[in-house]
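Take a look at the structure below.
A short reminder: the numbers here are calculations on the coordinates, not readings from a lab. Model, not experiment: these values are computed from the prediction. All Cβ positions, glycine included, derive from the backbone under ideal geometry; neighbour counts span all protein chains shown.
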Amino acid sequence: MKAAANKINKEWHETHPMPRNATLAQRIAWHQEHAKHCHCRPIPAKLLLEINKISR
Ligand SMILES: [Zn+2]
């Protein structure tokens, strides 16, 4: 049996590459979309802090 944790949505990643010199806003937008479609990794805690600052 294989562990099904950290399931990667390869198709989503292929169509949504992270911009090379992404701004903070771009990274936040990318991770928010990413979290909806893929579970390969969580949103970094540092980025979550920034999201909380903005969405207050
Ligand atoms: Zn992913």
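List of remarks:
- In order along segment 16-21, the Karplus-derived 3J(HN,Hα) couplings, from 6.51 cos²θ - 1.76 cosθ + 1.60 at θ = phi - 60°, round to 10, x, 5, x, 4, 10 Hz, and Gly and Pro are given as x.
- Helix axis angle, 24-37 relative to the chain longest principal axis, alpha carbon, degrees: 30
- C-alpha long axis of helix 45-54 to longest principal axis of the chain, angle in °: 50
- Given +1 at the Cβ of Lys and Arg, -1 at the Cβ of Asp and Glu and no other charges, the dipole of the chain around its Cα centre is 180 debye to the nearest 20.
- Added length on full extension, which subtracts the Cα-Cα distance from 0.36 nm per residue, Asn9 to Lys46: 11.0 nm
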